[in-house]
Amino acid sequence: MPYDPEDYPADPTSPPRVREKQPPHDATVGDVCELIEIAAILLTDEPGATFTEDQLMAEVLSMAGDELIVSEGALRAALQSCDAIELLPDANYRMR
């Protein structure tokens, strides 16, 4: 049975339910590692594709948006501990 909003009218006296925007918070190394994994997937358009650290970081910072504050230290630590990517001899990265 489909949902019919007219069967459940809104109570005009109740306040609207709106999710309040949370203030930005510092990203943990785990948060940044997850973002790196997603960014690497987005940057991999074919098997064996490589990408630079700058491309990876630009994608990570874009995804973090206004909700996460990504520090340089968290970025460096996540790059070293993230198992989803590997550093190649030419200083590029790729998915494992």
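The values are calculated or read from the model by the stated rules, or taken from the named source; none is laboratory data. Everything quoted here is computed from the prediction, not taken from an experiment. All accessible areas refer to the heavy atoms of the entire protein, side chains included, with ligands and DNA or RNA removed. Shrake-Rupley method; radii C 1.70, N 1.55, O 1.52, S 1.80 Å.
Data overview
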item: Karplus 3J(HN,Hα) series, Hz, for the range 33-44 with 6.51 cos²θ - 1.76 cosθ + 1.60 (x for Gly, Pro); result: 5, 5, 5, 4, 4, 5, 4, 5, 4, 5, 7, 9
item: THR28 - accessible surface, heavy atoms, 1.4 Å probe, Å² rounded to 10; result: 70 Å²
item: Accessible surface, 1.4 Å probe, highest first, among residues ARG96, ARG76; result: ARG96, ARG76
item: Size-normalised alpha-carbon gyration radius of the range 25-66, reference 2.2 N^0.38 Å; result: 1.17
item: ³J(HN,Hα) computed for each position of the range 84-96 - Karplus, 6.51 cos²θ - 1.76 cosθ + 1.60, integer Hz, glycine/proline x; result: 6, 10, 9, 7, 8, x, 8, 6, 9, 10, 8, 5, 6
item: Accessible surface of ILE69 - all protein chains present, 1.4 Å probe, nearest 10 Å²; result: 80 Å²
item: Distant-in-sequence amide H partners of ILE85 (H built 1.01 Å from N, under 5 Å); result: ARG96
